[in-house]
Amino acid sequence: MFRLAENQQLLVEISERLAAEPVPLGDVLERDAREFTKVEISGMFDHARELQKLATFEGSPGWQVVTPFITVEGLAILVDRGVVPDSLRDPTKRPEGQKLIKLAAIVRAHDGEQGFFDPENDTENRVWYWWDVPAMLASASIPPGMKVAPFVLQALPGDDPQAFPRAAKPQAALQNNHLQYAATWFSLALVLVVIAGLFIRKQVR
């Protein structure tokens, strides 16, 4: 029951962060990065160092486009820009200019581990099957001496919802099954009490 209340409170906090106004990236870096904190940054994408992570697009194979972003302050950070279908996996099929932009995004830790059925990441070709942020940063070949953010930014949907890469609306993928767990265990406890009572009654007789 404690875990249920804790998870519900966390979901409320995440909703508040997503509804809040963006904060400067520097404020996030100065304290522990809180997932789903909204930020706004200015700078340029380094498309030549794009990484791709296996995903799905409308039920078919697709790729999450993760691109290094260099801010005007000289900070490098990986940005999950959204998903493209397999037909647009080749960056040359979606030409993008090298220009200064302002980007709205949210902080994501992506500190998961390799799943049982996940293949090894192909670091040489910058193809990823599961999140490994330190290895991704190394694969992106960030220039030496440049300050690097230890988390990923997930781009928020822009003015054109049909544009590629297609950014997804942020959602907290938190499992919150604690109420079902509590009901299950309390039910088992009740069954145990009944069985124990019947056993004791039989022994007394």
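For the reader, a short list of remarks on this structure follows.
- Meets criteria (among the acidic types (Asp, Glu), surrounded by fewer than 16 Cβ atoms within 10 Å (Cβ to Cβ), within 27 Å of Leu100 (Cβ to Cβ) and more than 20 Å from the chain's Cα centre (by Cα)) for Glu40: no
- Tally of residues being at pLDDT 85 or above, part of a loop (DSSP other than H, G, I, E, B) and surrounded by 12 or more Cβ atoms within 10 Å (Cβ to Cβ) across the stretch 156-205: 5
- Index of the failed condition, Arg81 passing every other in (1) within 14 Å of the chain's Cα centre (by Cα); (2) open to solvent by 60 Å² or more (accessible area, probe 1.4 Å); (3) within 20 Å of Asp46 (Cα to Cα): (2)
- Number of the condition not met by Val72 [criteria: (1) open to solvent by less than 50 Å² (accessible area, probe 1.4 Å); (2) at pLDDT 90 or above]: (1)
- Scanning the stretch 26-47 for residues that are touching a Leu at 6+ places or on another chain (Cβ under 7 Å) and of a type in the set (A, V, I, L, M) yields a count of 3.
- Applying the set (1) under 16 Å from Leu54 (Cα atoms); (2) in contact with a strand residue (DSSP E or B) (Cβ under 9 Å, 6 or more places away or on another chain); (3) modelled with pLDDT under 85 to Gln98 leaves exactly one unmet item: (1).
- Scanning the stretch 106-129 for residues that are touching a residue at least 40 places away in the same chain (Cβ under 8 Å) and either touching a helix residue (DSSP H, G or I) at 6+ places or on another chain (Cβ under 6 Å) or open to solvent by less than 50 Å² (accessible area, probe 1.4 Å) (or both) yields Ile106, Val107, Arg108, Ala109, His110, Arg126, Val127, Trp128.
- Any hit, the stretch 57-77, residues being more than 17 Å from the chain's Cα centre (by Cα), in a strand (DSSP E or B) and of a type in the set (D, E, K, R): no
- Among the candidates Pro95, Pro165, Pro144, Pro170, residue that is closer than 20 Å to Gly43 by Cα and in contact (Cβ under 8 Å) with a residue 60 or more places away in the chain: Pro165
- Test: residue in the stretch 6-23 that is surrounded by 14 or more Cβ atoms within 10 Å (Cβ to Cβ) and either at pLDDT 80 or above or at positive phi (or both): yes
- Only one entry of Pro134, Pro143 meets the criterion of being open to solvent by 60 Å² or more (accessible area, probe 1.4 Å) and within 24 Å of Glu30 (Cα to Cα), and that entry is Pro134.
The values are calculated or read from the model by the stated rules, or taken from the named source; none is laboratory data. Fair warning: this is a prediction, and the values are worked out from it, not measured in the lab. Don't worry about glycine lacking a Cβ; one is built from the backbone with ideal geometry, like all the others, and counts go over all protein chains shown. Please note that ligands, DNA and RNA were not included when accessible areas were found on the heavy atoms of the full protein model with its side chains. Shrake-Rupley method; radii C 1.70, N 1.55, O 1.52, S 1.80 Å.
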